[in-house]
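A short worksheet on the structure shown next.
The values are calculated or read from the model by the stated rules, or taken from the named source; none is laboratory data. Fair warning: this is a prediction, and the values are worked out from it, not measured in the lab. Here the Cβ positions follow ideal geometry from the backbone for every residue, glycine too, while neighbour counts run over all protein chains shown. The accessibility values were calculated without ligands, DNA or RNA, using every heavy atom of the protein model including side chains. Shrake-Rupley method; radii C 1.70, N 1.55, O 1.52, S 1.80 Å.
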Amino acid sequence: MIKKSFNAPGIVTGYPGFWGAEIPDGTVVSDEDTLSFVPGGHDLVVHAMALHWANDPVGQLIQCRHALQSDGLFMAALFGGRTLHELRASLAQAESEISGGLSPRVAPMAEIRDLGDLLQRAGFALPVADSLLFTASYQSPWHLMRELRAMGEQNALSGRLEHFSRRKIFDRAVQLYINNFGGTDGRIPATFEVVFLVGWAPDPSQPQPLRPGSARARLADALGVAEVPVKD
């Protein structure tokens, strides 16, 4: 969709084997707090399914921008705020009922509007944020939680409980999940929201916004309606 060739890609990922095979001429770096990119060394940077784990997402975006050449492209894919909302609600209700409080269990994930603002704060030009919702089907909530652990997407929050939770909490959460979200086929759905971010390193050749008041056409004319003046 982007009619431009890229010759020096950089990839931020926790899965170097996959990306190294897909883009053998790319520079693959780990998703650490400090990214080991050479400033201005890349015309494309891809942050691949790791930004939702970042301790400092704005810092990660700024480092990616500094790694780009002028007019270089930044792309990111990450889990968004609607991810696993069924599991979050079930665990929260179960723990509230049994323990009388809540503890951090699922990492907070940003909403798409906030992520678009982060692109601007990081200094990217022409920022775009979009998302897709995917619904996966599992035999039971236990199968979902086992797969999350196998994906490496389990609880890694520094404020998580330092002791094992009572089995009663998870049994109740499973019951609530099935009762509130279970399908007619006996399986349970799990929502995953994948947010895609796109931004460019600023360059004079890029389209620039017009100066306020410099428009030469009226919106009313384009819409074919009468313009109604409003009071100051």
* **Unmet criterion (only one of (1) at pLDDT below 90; (2) open to solvent by less than 60 Å² (accessible area, probe 1.4 Å); (3) within 23 Å of residue 201 (Cα to Cα); (4) more than 20 Å from the chain's Cα centre (by Cα)) for residue 4** => (2)
* To do: Answer with yes or no whether residue 105 is in a loop (DSSP other than H, G, I, E, B), open to solvent by 40 Å² or more (accessible area, probe 1.4 Å) and modelled with pLDDT of 85 or more.
  => no
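May I ask you to say which residue of 45, 38, 12, 28 is surrounded by fewer than 19 Cβ atoms within 10 Å (Cβ to Cβ) and β-branched (Val, Ile, Thr)?
38
Can you pull out the residues in segment 16-31 that are farther than 21 Å from residue 123 by Cα and of a type outside the set (Val, Ile, Thr)?
Passing the criteria: 16, 17, 18, 19, 20, 21, 22, 24, 25, 26, 30.
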